[in-house]
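The values are calculated or read from the model by the stated rules, or taken from the named source; none is laboratory data. Values in this document were obtained by computation on a predicted structure and should not be read as measured data. Please note: Cβ atoms are built from the backbone with ideal geometry, for glycine as well, and neighbour counts cover all protein chains shown. Only protein heavy atoms, including side chains, enter the accessible area calculation; ligands, DNA and RNA are left aside. Shrake-Rupley method; radii C 1.70, N 1.55, O 1.52, S 1.80 Å.
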Amino acid sequence: MGRRASTLSGGGGLPDGEGWLTVRKVWVGATVAVGSALAVVMLLLVGVYVVAGNLVNGVGGGAAKTLAKGSVPAAYQQLVSRWGNLCPAINPALLAAQLYQESGFNPRAQSHAAAQGIAQFIPGTWAAHGIDGDGDGDRDVWDPADAIPSAATYDCTLASYVKDVGGDLTENMLASYNAGAYAVIKYGGVPPYKETQNYVKRIRALEESFAAPVGRVDPSRQAAGAIAFAQKKLGTPYLWGGNGTADQGGRFDCSGLTKAAYESVGITLPRVANDQYNAGPHPDRDELLPGDLVFFSDDLTDSRAIRHVGIYVGGGYMIDAPRTGAVIRFDPIDTPDYFGATRVTEDGAKALPTTV
């Protein structure tokens, strides 16, 4: 289930609109009502898998990173885009990844260690590095217009401390954020601390989920297995908050199904759909491959408002658990509330915070 009051279960915490083939035999078990459509989808699925095999060595990298569509709440997008370009060590996607990792974009977040606000500054660090980002005459850790610029300037300050250290400047900056600049200077790069190394890896992986793709996105190796799991659940009645457990009669809601499907192939996703969106990069609609997660929202500018998710199977269809009273089934994805897609990666999923 969700970890915030607004996302207690299901796709984005809303009670309805929740949701969630292998190219082998199980197509035969689908319901008669969708039989003719399945034949078309099956042919398309096979074709798309052939395309997927040709994309493994797709073009990537090299261009300046900009934010993926809706990956940052609209209220903060301009701030993140502007301040994310403050110095060469950061970019908007990296800054967004830090904010998501620290607070889930919650400007009222407060940790047990007294870290405060959207950027989770502790009082001592805020006193030394907080700035008046909006020029209104105060420095308010609870105001994103101050906290986001402060996070960017603090990152750049740390980068200036380690600019003469060998290796990747951004990774050395992130390591400094976690372990202190002295440790980075002492070890000549990211220090051999497991916590610090994991922190750097998490942020760099999350960075890819906030960045608009600049080339083709490699297909997930686990996609076929996740689809196979979901296909076996066709016809199962929907249950709000359902995780597929025995006491729930094996029923799911949308994000419960996608979580279980990817868990069956060794990838652990968060419980709610608006967090699952950050489990990897975001292919465009015309680049979708089977296994991609597809998302739906009433606010197409804000991934935090996502309320529904399914698993794409090809041919413009997904497997999903739509709503109370319905069963897991095939549904078209080309609807007005289509938000976007995520190609799940192991690194992306592992990078996602379990609490904020």
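Sorting the segments 115-121, 105-111, 176-182 by their mean number of nearby beta carbons within 10 angstrom, highest to lowest, gives 115-121, 176-182, 105-111. Averaged over its residues, the stretch 111-254 has an accessible area of 45 Å² per residue, based on protein heavy atoms and a 1.4 Å probe. Here the mean projected area of the convex hull built on the C-alpha positions of the stretch 218-356 is 7.9 nm². Counted residue by residue at 0.36 nm each, then reduced by the alpha carbon distance between them, the extension gain from Ala212 to Lys232 reaches 3.9 nm.
Calculate the FRET efficiency for Lys163 and Asp136 from the Cβ-Cβ distance with a Förster distance of 41 Å, rounded to the nearest 0.05. Once rounded, the FRET efficiency stands at 0.80.
Arg304 exposes around 40 Å² of accessible area when a 1.4 Å probe is run over every protein chain in place.
Using only alpha carbons, the stretch 101-242 has a radius of gyration to Kirkwood radius ratio (Rg to Rh) of 1.11. The calculated FRET efficiency for the pair Thr66 and Glu195, based on their C-beta separation and a Förster distance of 22 Å, comes to about 0.15. Distances between every pair of Cα atoms in the stretch 292-356, grouped in 10 Å steps from 0 to the bin holding the largest one, split as 20, 46, 30, 4 percent. One equal scatterer on each Cα of the stretch 187-259, no solvent, Debye formula: the resulting log10 I(q)/I(0) at q = 0.11, 0.20 Å⁻¹ is -0.54, -0.90.
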